[in-house]
Amino acid sequence: MKKLLKKLFYHDGNGWWNLPKNMSGKPNPPYEGPIGGPWLIKMINLMTYGGKSHAGPRFYIIVGIFLAIITALEVWAFELESELAILYIPILLILALIKFVAVVAFYMHLRFDNRFFSYVFASGMIVGTVVFSLLLFISEAAYMTR
Amino acid sequence: MTTKPATKSLVFPRFFPRPNSKTGIWSWIATVDHKKIGTLYGITSFFWFIVAGLEALLIRIQLSQANNDFLSPDMYNSLFTMHGTTMIFLVVMPLSAAFFNWLIPLQIGARDVAFPRLNALSYWIFLFGSILINFSWITGEAPNGGWFGYAPNSGVTFNPGKGMTYWVVGLNVLGISSIAAGLNFVTTIINMRAPGMSMFKMPIFTWMTLVTSILIILALPILAVAGIQLQTDRIYGTHFFNSLGGGDPVMWQHIFWLFGHPEVYILILPAMGIVSEVLPTFARKPIFGYSFVVFAGAVIGFMGWFVWSHHMFTVGLGPAANSAFSISTMLIAVPTGIKIFNWLGTLWGGSIRFNTAMLFSLGFIAMFTIGGLSGVMHASPPTDAQQQDTYFVVAHFHYVLFGGALLGIFSGIYFWWPKFTGYFLNEKIGKLNFIFMLIGFNIQFGPMHWLGMDGMPRRIYTYAENMGWEGSNLAATIGGFILGVGVLLFIYNVIYSMIHKEVAGADPWDGRTLEWSTSSPPPEHDFDEIPQVKFRDDFWFKKYPETIKEYYEHGEIEEDTEDKLSEKSNHEDEIHLPDMSYYPFILGVGIAILGAGFLSNIYIIAISVPIMIWGLLGWSMEPVNDPHPDGH
Amino acid sequence: MSETAVINNHQDEIENTSTGLSNKKLMMWLFLASDVMFFGAFISTYLIYRGKSLVGPYPSEVLDIPITTVSTFILLMSSLAMVLALHYLKENEKNKATLWILGVVLLGTIFMGFQFYEFNHFAHLGLTPRTNIFGTTFFILTGLHGGHVTIGILWMAFLAYGSHKGTLRSDNAIDLEIAGLYWHFVDIVWIIIFTVIYLISANDMPPAGSELLIH
Ligand code: HEM
Ligand SMILES: [Cu+2]
């Protein structure tokens, strides 16, 4: 406990707030669990270039195809809108989220880059998402009670 | 350094040679030196401070008596709009930016900011934007919808003149400047620190600048959105805030205050940083609870996002929203209070010197606390229902903005003036200046509390006779003039200091942070040798190594294990300063003309495009440093 | 002018920072965080005003999913071209890099062509920013996105020229990398716009009772 406090507040310690040192050039941390057998772990590491320091064209093309397939799925969901009913919007949002993450992680190299860049972008995303969800929520609530 | 085989580079045709004048107007126009840019920011925003102050005095004269007709209602609207807009966007923000520019590289031990040319661009856009928005006085159509620009009052239907168009266009131009500066300072603080200066060894002012800049980066885009929406509504007839077309004026309030509340913290955090530097120096004690001050600042920066609807308690968002925002608003007073206690703790047991800078800081603490308390009062929706749109709110935000932000900034001016110019400001005049300001301020804004409680609405140009408001209003006007004398005394002090030239050494106050370790004013390259940092308040411990034991128990110091950075600067024997450049100015002119184009017609926009392209291309093809003549 | 100094500047930039990260890249990420707020505010405006139009044309009467799917696909592929360009630039394969950057420019231009067609088509159907709140929010949001794409296209064209001339090389590939970050960001904004404006609201009908208001 004391150690933790020291880590959190003692100014000369190297606590969690200290920016990560240079990681570029070092390999990506490979995926090790918690879920998945050896086969899955191998696949994930192959897919995400775990243990390697960058990806190659083959991988980028695979991601591109993957993005195209998800776009096709989205349009397919659109065709089935009335069948999917209440599930329609959640499904679309999840598909969009997958595409979003794929582009950010692989094309924008966040998976391969210094983690600090992820923090920067994630903090913008988090503030944005929370604030604007709140805005949508109160606007909708105010509209319905009007 | 590795040398690579020379290859050809893209060269943009130059219409004039690389600027290198050290004096004269061109040395300012082409400068990329953070100190010169800081000076430019300071002078420009002080000019606008005078302008906005005069506007305030006109307002006060009008309100000094009931049924006064000194100003026409239209004129009154323009004056209070421009007073607020100018004070917030052209005075407090850029005065803070002047301090950022001057101090951040000096405090973190760097030779310049991360992007010196971008820094110059920020200044030029700010200058042209400020001229653009004030140009409306000359065309006779000054903005008149308030600094908050509430729809639908700011739309064309109710406000057909050009005034509010000036306002949105001007704010959008200024927004570009602020965002560019914000990006620059976050990058600088994260990436340009001297070897050994980990984040938690940075001075508090640097920390507050970091938080402020992050807020600027995230909040100003929202103002841009509000601006674009209002602008298209006004110019192209869209329906964002037009209920006849399906829009909703309440949306403006949401988007504006979504920006607006983070904005008030953008205004106050730099002043908090300044005070946190002044108090330890004059109490000769390190700041009490460094980590708490830092974390409180960061928490304020985060929580500031979730309170915006406290400006909308009377809009009718419903009990759930009102309660939620009421709670979050009350909560945000907690980190603010933490800071106040830390400042008091810093004073406790110190050997205090009452210099002018210190007096201003003490004034800051007292006045800001009063403003914070009235803020907590209208954090409660039922109370706020009584206070909304009354002079009580005016009293609140002047206590935090003048009593807070501006007293803090004046404290900073008195504190760092010797560093900026090499000469002291006179202490006697300074103390007089402080007394006049503090007394005038309280006489002006104190009575507004009970005026508000008595129900006097804000934003009205006059009031009836028998309301019992005359006495307080007259007092406020007199206070305003006393305050004005205080400002005149400051100007007198500046002139006095320039004539009498009382030389201040490198370290006149026995300072604690790195900026005092270099000469006053600093050389162009800031530091002859980049400092190596071991402690927080490193300069102090270099001067008084015997006190290390006192502050680090048992004298044991945790050394930075990852000290590889310190090796790096050892083999840095050459001082590389970025070369001067005309392109920031050219690009700034282009953006200003673009803004003017939105106000007039498409041909002016067409003129701006080639200028902007010229600026951009020239900029990107010009190397930061021309190769040195000695082949380095 | 010798190029040596310029090259060293680029290396200095990365080596002499406190975190070992490139200043330019850090600033680009910060800028993207800022742009998140920009588009976030516009997208939430769209969502709050969704279904509040008082007069037609309504989304279901104008939006054309097949065409937009094609343009979405094209923008996605431009992102693929972008990463390939960066890859080949880092591998010092100048010609391939130039070609892929040009590919980005081309695909981006086609995307803008689609948008131009779409705007025109909508205007023919009687939907302009002035028609109703759907038109207002739709045109301003997608128009600003288009503005971002246009800036990206110009930037890429400039870089393609540099790569062709040999001034953009593996050692200053950071310049292409940050342009790429911008480009991909514009792409993910479109991913969201495609979902939110097109797929989710393409079947939005006139709100109940709106006819009563008009007549
Ligand atoms: C202790 C923390 C604070 C609390 C709880 C607080 C609370 C509030 C509330 C509830 C309002 C809305 C009043 C109304 O319109 O009815 C308000 C207005 C305002 N506050 Fe604060 N505030 C605090 C600190 C600050 C600070 C530090 C600043 C600026 C430096 C500031 C600047 C303003 C301004 C400018 C307005 C008026 C906006 C307008 O209507 O034009 N406040 N505050
Ligand atoms: Cu507020």
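The values are calculated or read from the model by the stated rules, or taken from the named source; none is laboratory data. Everything quoted here is computed from the prediction, not taken from an experiment. Heads up, the Cβs are rebuilt from the backbone with ideal geometry, glycines too, and the neighbour counts pull from every protein chain shown. Note: accessible area is taken over every heavy atom of the protein model, side chains too, but ligands, DNA and RNA are not part of it. Shrake-Rupley method; radii C 1.70, N 1.55, O 1.52, S 1.80 Å.
Things worth noting here:
- Yes/no for B:Ala333 being modelled with pLDDT under 95 and near ligand 1 (Cβ under 9 Å from one of its atoms): yes
- Residues that are open to solvent by less than 10 Å² (accessible area, probe 1.4 Å) and away from ligand 1 (no atom under 15 Å from the Cβ) number at least 3 in the following helices (runs of 4 or more DSSP H) confined to segment B:346-414: B:356-377.
- Taking the criterion of being open to solvent by 10 Å² or more (accessible area, probe 1.4 Å) and charged (D, E, K, R), the residues of segment C:168-210 that qualify are C:Arg169, C:Asp171, C:Asp175, C:Glu177, C:Asp204.
- Candidates B:Gly371, B:Gly363 - the one that is within 15 Å of ligand 2 (Cβ to nearest atom) and either assigned by TED's automatic domain parsing to the domain that holds B:His261 or of a type in the set (A, V, I, L, M, F, W, C) (or both): B:Gly371
- Filtered residues of segment B:158-170 (kept if assigned to a helix (DSSP H, G or I) and open to solvent by 10 Å² or more (accessible area, probe 1.4 Å)): B:Thr165, B:Tyr166
- Tally of residues being touching a Leu at 6+ places or on another chain (Cβ under 7 Å) and not in a helix (DSSP H, G or I) across segment B:443-461: 1
- Counting only helices (runs of 4 or more DSSP H) wholly contained in segment C:20-91, the ones carrying 1 or more residues that are within 20 Å of A:Val104 (Cα to Cα) and under 15 Å from the mean Cα position of the chain (by Cα) occupy C:23-48, C:65-90.
- From the list C:Phe138, C:Phe158, the one residue that fits, being surrounded by 22 or more Cβ atoms within 10 Å (Cβ to Cβ) and assigned to a helix (DSSP H, G or I), is C:Phe138.
- Restricting attention to segment B:295-344 and to residues that are more than 11 Å from chain A (Cβ to nearest Cβ), out of contact with any helix residue (DSSP H, G or I) (no Cβ under 7 Å at 6 or more places or on another chain) and more than 13 Å from B:Gly375 (Cβ to Cβ), the residue that is farthest from ligand 2 (Cβ to nearest atom) turns out to be B:Leu344.
- Applying the set (1) more than 9 Å from ligand 1 (Cβ to nearest atom); (2) out of contact with any Phe, Trp or Tyr (no Cβ under 6 Å at 6 or more places or on another chain) to B:Thr314 leaves exactly one unmet item: (1).
- Of all residues making up segment C:70-115, the number that are in contact (Cβ under 8 Å) with a residue 60 or more places away in the chain and over 21 Å from C:Gly147 (Cβ atoms): 10
- The condition of being out of contact with any strand residue (DSSP E or B) (no Cβ under 7 Å at 6 or more places or on another chain), open to solvent by 40 Å² or more (accessible area, probe 1.4 Å) and more than 30 Å from B:Val113 (Cβ to Cβ) holds for only one of B:Pro545, B:Pro521, that being B:Pro545.
- Look at (1) at pLDDT 90 or above; (2) open to solvent by 10 Å² or more (accessible area, probe 1.4 Å) and you find that B:Gly140 fails only one, number (1).
- Only a single item in (1) touching a Ser or Thr at 6+ places or on another chain (Cβ under 6 Å); (2) among the aromatic types (Phe, Trp, Tyr); (3) more than 9 Å from chain C (Cβ to nearest Cβ) is not met by A:Tyr107, and it is number (3).
- Odd one out for B:His396 among (1) within 22 Å of B:Gly53 (Cα to Cα); (2) without any contact (Cβ under 8 Å) to a residue 40 or more places away in the chain; (3) away from ligand 2 (no atom under 15 Å from the Cβ); (4) not aromatic (Phe, Trp, Tyr): (3)
- Taken as a whole, the structure places B:Ala283 among residues that are buried (at least 19 other Cβ atoms within 10 Å of the Cβ) and either more than 16 Å from ligand 1 (Cβ to nearest atom) or on the phi < 0 side of the Ramachandran plot (or both).
- Residue selected from segment B:200-254 under the condition assigned to a loop (DSSP other than H, G, I, E, B) and within 29 Å of C:Met27 (Cβ to Cβ), by the criterion nearest to the other protein chains (Cβ to nearest Cβ): B:Met202
- Subset of segment B:22-48 [open to solvent by 10 Å² or more (accessible area, probe 1.4 Å) and among the small types (Gly, Ala, Ser)]: B:Gly24, B:Gly42
- A single entry from B:Leu267, B:Leu258 fulfils the requirement of being within 16 Å of ligand 2 (Cβ to nearest atom) and at the interface with another protein chain (Cβ under 8 Å from one of its Cβ atoms): B:Leu258.
- Qualifying residue in segment B:69-83 (condition: within 20 Å of the chain's Cα centre (by Cα) and within 30 Å of B:Phe539 (Cβ to Cβ)): no
- Flag if B:Ile176 is in a helix (DSSP H, G or I), in the same structural domain as B:Gln229 (by TED's automatic domain parsing), open to solvent by 40 Å² or more (accessible area, probe 1.4 Å) and out of contact with any strand residue (DSSP E or B) (no Cβ under 8 Å at 6 or more places or on another chain): yes
Every residue, every condition in (1) within 30 Å of B:Val294 (Cβ to Cβ); (2) in the same structural domain as B:Met312 (by TED's automatic domain parsing); (3) open to solvent by 10 Å² or more (accessible area, probe 1.4 Å); (4) within 16 Å of ligand 1 (Cβ to nearest atom), yes or no:
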position: B:Pro195; (1), (2), (3), (4): yes, yes, yes, no
position: B:Ile204; (1), (2), (3), (4): yes, yes, no, no
position: B:Ser213; (1), (2), (3), (4): yes, yes, no, no
position: B:Ile228; (1), (2), (3), (4): no, yes, yes, no
position: B:Phe240; (1), (2), (3), (4): no, yes, no, no
position: B:Pro249; (1), (2), (3), (4): no, yes, yes, yes
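- Qualifying residue in segment B:517-533 (condition: assigned to a helix (DSSP H, G or I), modelled with pLDDT under 95 and more than 23 Å from the chain's Cα centre (by Cα)): yes
- Test: A:Leu92 is without any contact (Cβ under 8 Å) to a residue 60 or more places away in the chain, at the interface with chain C (Cβ under 7 Å from one of its Cβ atoms), in a helix (DSSP H, G or I) and open to solvent by less than 30 Å² (accessible area, probe 1.4 Å): yes
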